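The values are calculated or read from the model by the stated rules, or taken from the named source; none is laboratory data. Because the structure is a prediction, the values reported are computed rather than measured. Neighbour counts are summed over all protein chains in view; Cβ atoms, including those assigned to glycine, are modelled from backbone coordinates with ideal geometry. Areas reflect the complete protein model, heavy atoms only, side chains present, ligands, DNA and RNA absent. Shrake-Rupley method; radii C 1.70, N 1.55, O 1.52, S 1.80 Å.
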Amino acid sequence: MTAVEASTATSAGYQDFTLGAFHFRRDEFFAHVTWPTGQHMLSIDTFLRALQRDVAWDFFYGTVNFDAVFGTVNHYGTVDMFAGRFNEAYRKAELDHTENFETPLIRDTFKAMLDNWTNEGFDPFASPAETDKPFGMKHGSNTSAVTRHRVTASRMVSVPGDEPIRTDATHSINRMFADVTQDEPEVHAEAGFEAEVAAFNLYAYLSRSDVTWNPSVVSQCKASLYCPTTEEYILPVIHGNDRVEWFVQLSDEIVWDVQDRDTGSPRAKVTMKAGDVAAMPGDIRHQGYSPKRSMLLVWENASNDVVELIRTGKAPTYPVEF
Ligand SMILES: [Fe+2]
């Protein structure tokens, strides 16, 4: 494996990074991305919030668009990095560019860039209302925030030996969820089944989330993953699905812009109020807007086969027929 290619610090104090024919530079306000046929600028705020999620989710399911030009596609072992690939104008002008990397190389490069480009006080996972700004000359770092533990239960939160519930000792209640009751269910297991029967208060658990737009795995049953998350402001990536993804709006409201995955042309605007259920098809991209901190349950299908089944037409891009 090739090592991360990073320069010594440039004039704003940040390192440049090179991955294949892509080059990355940050200044006080922007990330600058160049590739053989083009160049692109993103606000450093947008770039770091998206980069944080791509790193923490290990490139997630399908496509992580940082914006309408730059992003990654997960092939589960390798990752495509692209510019203009899902942008009709770039493709028509033949300015788009894609390169495939072994996952460890792009993972390590993105981790190093995220750590070097994140200043003291800026938390890319936090709501913009709950963090300092990312701008300016390099000052300090926030390694503990950008490498924070991501919840991935192997069975379920609260099961002995699995991810623990959250308490005052580990997570304070978010300012927007002060009214969420904190009682926990009583579990009376038959003797000998104490490790098999478990329950926890999911609303209380989510009320203590210190991150936004970060689906964490709280339960896993074969390929069925419950990935609830708390949302405030705007999803920092435009997620392109390679499989169906269900949403259950647990509280408050999120508005989704849904576009064609490959061209970005608008397909739907979905307003989800508390209690609403929706399924995002396997051929779209979507970005959400949450005016007040809300709770969303994302239900993922982690099957290794489903992408190929959809690609070859053996499974539909939508989940259910009425
Ligand atoms: Fe998504």
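Figures for the structure shown
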item: Leading residue by the ranking (least open to solvent (accessible area, probe 1.4 Å)) among those in region 28-55 that are part of a loop (DSSP other than H, G, I, E, B) and under 23 Å from ASN142 (Cα atoms); result: GLU28
item: Failed item in (1) surrounded by fewer than 17 Cβ atoms within 10 Å (Cβ to Cβ); (2) in a helix (DSSP H, G or I); (3) within 16 Å of the ligand (Cβ to nearest atom), with ASP58 passing the rest; result: (2)
item: Test: residue in region 213-222 that is in a loop (DSSP other than H, G, I, E, B) and open to solvent by 40 Å² or more (accessible area, probe 1.4 Å); result: yes
item: Single match in SER251, SER216 (criterion: away from the ligand (no atom under 15 Å from the Cβ) and not aliphatic (A, V, I, L, M)); result: SER251
item: Filter pass, ASP80 being open to solvent by less than 30 Å² (accessible area, probe 1.4 Å) and in a strand (DSSP E or B); result: yes
item: Condition broken by HIS286, with the remaining ones in (1) in a strand (DSSP E or B); (2) closer than 27 Å to ASP123 by Cα; (3) open to solvent by 60 Å² or more (accessible area, probe 1.4 Å) satisfied; result: (3)
item: Residue tally, condition open to solvent by less than 60 Å² (accessible area, probe 1.4 Å) and at pLDDT 90 or above, over region 1-18; result: 10
item: Flag if ALA195 is surrounded by fewer than 18 Cβ atoms within 10 Å (Cβ to Cβ) and touching a Pro at 6+ places or on another chain (Cβ under 8 Å); result: yes
item: Sole residue being open to solvent by 50 Å² or more (accessible area, probe 1.4 Å), among the acidic types (Asp, Glu) and either at pLDDT 95 or above or more than 15 Å from TRP213 (Cα to Cα) (or both), chosen from ASP260, ASP252, ASP242; result: ASP252
